Amino acid sequence: MATATTPPMVDQVQLSPFEYRRGLLRSAQERGVALEAYSPLGTGRHLGDRTVGKIAARAGRTPAQVLLRWCLQRDAVVITKSTHRERIAENAQVFDFALGDDDMAALDGLDRTGGTDRALERPWW
């Protein structure tokens, strides 16, 4: 934003309960920039998490649906990726339920970024 002549409309960043960049999300919202959640399922790594699994079982949903719904309730744009027709259909079933405050707080507690306002924790190079 300091060097751009035109502010971005969307910023794609790694975002999930495990990479919950609270500061970045807050800053983007203040500036009217949508955050797009890149890899909200952690390329599958997050699906086996015990907390996610308990919440999914309680909600009658899959772990993927819980993680995607968390992103939506945090006002992130989510574009899922799958080559499996059944998973594509399953991932679309996230608009007919909501996670409660306790479940959202439990998922927020999985954050490993410390709530940073940075898109990357370390340089990619």
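The values are calculated or read from the model by the stated rules, or taken from the named source; none is laboratory data. Just so it is clear, the structure is predicted and the values come from calculations on it, not from any experiment. Cβ coordinates were reconstructed from backbone atoms using ideal geometry, including for glycine residues, and neighbour counts include every protein chain displayed. With ligands, DNA and RNA removed, areas are computed over all heavy atoms of the protein, side chains included. Shrake-Rupley method; radii C 1.70, N 1.55, O 1.52, S 1.80 Å.
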Could you grab me the full set of residues in the range 87-114 that are without any contact (Cβ under 8 Å) to a residue 60 or more places away in the chain and farther than 18 Å from ALA56 by Cα?
GLY114
Being assigned to a helix (DSSP H, G or I) and at pLDDT below 95 is true for just one of GLN65, GLN29. Which residue is that?
GLN29
Would you point out which residue out of GLY60, GLY44 is modelled with pLDDT of 90 or more and out of contact with any Asp or Glu (no Cβ under 9 Å at 6 or more places or on another chain)?
GLY60
Close pairs from the range 54-82: first in contact (Cβ under 8 Å) with a residue 60 or more places away in the chain, partner aliphatic (A, V, I, L, M) and open to solvent by 40 Å² or more (accessible area, probe 1.4 Å), Cβ under 7 Å, at least 6 apart
VAL77/VAL10
Of everything in the range 1-53, what is under 26 Å from THR83 (Cβ atoms), among the hydrophobic types (A, V, I, L, M, F, W, C) and without any contact (Cβ under 8 Å) to a residue 40 or more places away in the chain? Give them in sequence order.
LEU41, LEU47
Evaluate the range 27-45: report whether one residue or more is surrounded by 21 or more Cβ atoms within 10 Å (Cβ to Cβ) and over 13 Å from the mean Cα position of the chain (by Cα).
yes
Please verify whether ARG58 is part of a helix (DSSP H, G or I) and under 19 Å from ASP108 (Cβ atoms), treating the condition exactly as stated.
yes
